[in-house]
């Protein structure tokens, strides 16, 4: 298969699997609200899905780095997540909430590999001179997946409370079939002296000791946690502005359409200065979240959500570029999965915190927490990262250093 065909097969599978991961959170949120009737409690179920990423991500990433058959590793992750979500759909409303949350934790074990470790396969499918464009296309899969999957999933709540969750399960099953078309070659066995614990330690050390990767990880982790505010508050914002629970899907859909709009742009004109793109995109995302919280009408709310979603593709594309640039080849899946795990864990914690704030303090407090997390990510990331360039160098497009900015 040619590199173009390999990338096309990769992108189809990525879009399918990420349609499942993008819809899983909103599906659990809306399905739980419809079943339990409490937005705060529902947010805990969503948080449980992503919480296990803290432990699972680094281990799964290291295992895929070492696996002789990466395809089996990704198929297993898809099966674990699909099976776990199916069990949640069957148990929700029939057993104590703690049992549902425990199963959601197990389902979340497959989450990081479908985001981080999957993206780490791109250098094995395309030549080096095509990497930036390939990563821009990969970043677009998140936005494309988010356009249709969450709105369709949330709209299915009218058919049955757990119907949104079953959509994610079905899409994961289709992704497993599509996976067979991606040319993931078997690898030779790892050296005898290489142990999983050693790989884990090396992957984490790489993220900690390389300033560019450290800054990117901090900003994209803490800033991504701030995005939890729009997802948790969307159902409440919809009803507060006189709309039904189904309007939640339109809010999340507007967020996704904004992402698709800029993803199309950056797929043709890849990010050239990834370090700066991460900083600018995160700052704009925080400002858009302020607009989401202050929107006085449903239509202005959709515009603000669109603007916030538009910041996502350049940030994700730039984040991937920094990871590849800063990571040794034999640890790339490890670094990608660990980074994805940190992001998912931070998002889970922020989801739970925003859900808890909704009860006593309302939407404003949850949105405020999200904005604060955006700001903290920028301040801490800049402080702990490499020095920023001068103002003149910041805006100058030529003569940029090839490895960092």
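The values are calculated or read from the model by the stated rules, or taken from the named source; none is laboratory data. Owing to the predicted nature of the structure, the values given are computational and were not obtained by experimental measurement. Note: ideal-geometry Cβ built from the backbone for every residue, glycine included; neighbour counts use all protein chains shown.
One residue is enough: does the range 311-333 have a residue meeting the conditions buried (at least 24 other Cβ atoms within 10 Å of the Cβ) and not in a helix (DSSP H, G or I)?
yes
Right, residue 280: surrounded by fewer than 24 Cβ atoms within 10 Å (Cβ to Cβ) and under 17 Å from the mean Cα position of the chain (by Cα) or not? Let's see the steps before the verdict.
On the way: surrounded by fewer than 24 Cβ atoms within 10 Å (Cβ to Cβ): yes; under 17 Å from the mean Cα position of the chain (by Cα): no.
So residue 280 fails the test.
Checking residue 364 against (1) more than 26 Å from residue 108 (Cβ to Cβ); (2) at pLDDT below 85, which test does it fail?
For residue 364, the exception is condition (2).
If I ask for residues that are closer than 25 Å to residue 317 by Cα and either at pLDDT 85 or above or not in a helix (DSSP H, G or I) (or both), which ones from the range 238-258 would you list?
Of everything in the range 238-258, those that are closer than 25 Å to residue 317 by Cα and either at pLDDT 85 or above or not in a helix (DSSP H, G or I) (or both) turn out to be 251, 254, 255, 257, 258.
What is the residue count in the range 23-52 for residues that are in a helix (DSSP H, G or I) and either over 20 Å from residue 160 (Cα atoms) or touching a strand residue (DSSP E or B) at 6+ places or on another chain (Cβ under 8 Å) (or both)? Can you show your working first?
Step one: list which residues in the range 23-52 are in a helix (DSSP H, G or I), which gives 23-36, 39-51.
Pick out the ones that are also either over 20 Å from residue 160 (Cα atoms) or touching a strand residue (DSSP E or B) at 6+ places or on another chain (Cβ under 8 Å) (or both) and you get 40, 44, 47-51.
Total meeting the criteria: 7.
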